[in-house]
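Have a look at the structure below, then the notes.
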Amino acid sequence: MSVQQEDKILDMTGVACPMPLLKTKLTLKGLDAGQILKVIATDSGSWRDIPKFVGNSSHRLVEQREDAGEYLFWIERGEG
């Protein structure tokens, strides 16, 4: 169980690439700076794509882990 407190959860269970990444981008746009988005994905491409996107943005990947075929990400919304 994560110690992160998320402000919003995006459940992309069963959704194929590239939708988890695209929905993550759109959902982050709707958050305020400093808020935390938890993303749950089952598409293995998410493990690579989401951290790469976050690394090239103003957002911050707070935590990332895999749990029984689910890929979990906690992303802090950055400025801009």
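Residue count for the range 1-11 under the criterion of being over 15 Å from His59 (Cα atoms) and in a loop (DSSP other than H, G, I, E, B): the result is 5. Residues considered: Leu28, Leu22. Of these, the only one that is buried (at least 18 other Cβ atoms within 10 Å of the Cβ), modelled with pLDDT of 95 or more and not aromatic (Phe, Trp, Tyr) is Leu28. With respect to the conditions (1) at pLDDT 95 or above; (2) on the phi > 0 side of the Ramachandran plot, Asp49 falls short on a single one, namely (2). If you go through the range 38-56 one residue at a time, do you hit one that is under 20 Å from Gly80 (Cβ atoms), small (Gly, Ala, Ser) and surrounded by 12 or more Cβ atoms within 10 Å (Cβ to Cβ)? The answer is no; no qualifying residue exists. Residues that are under 15 Å from Gly78 (Cβ atoms), of a type in the set (D, E, K, R) and not in a helix (DSSP H, G or I) within the range 12-61 comprise Asp32, Arg60, listed in sequence order.
The values are calculated or read from the model by the stated rules, or taken from the named source; none is laboratory data. Quick caveat, the model's predicted, so the values are computed rather than measured. Methodologically, a virtual Cβ is constructed for each residue, glycine included, from the backbone with ideal geometry; neighbour enumeration extends over all protein chains shown.
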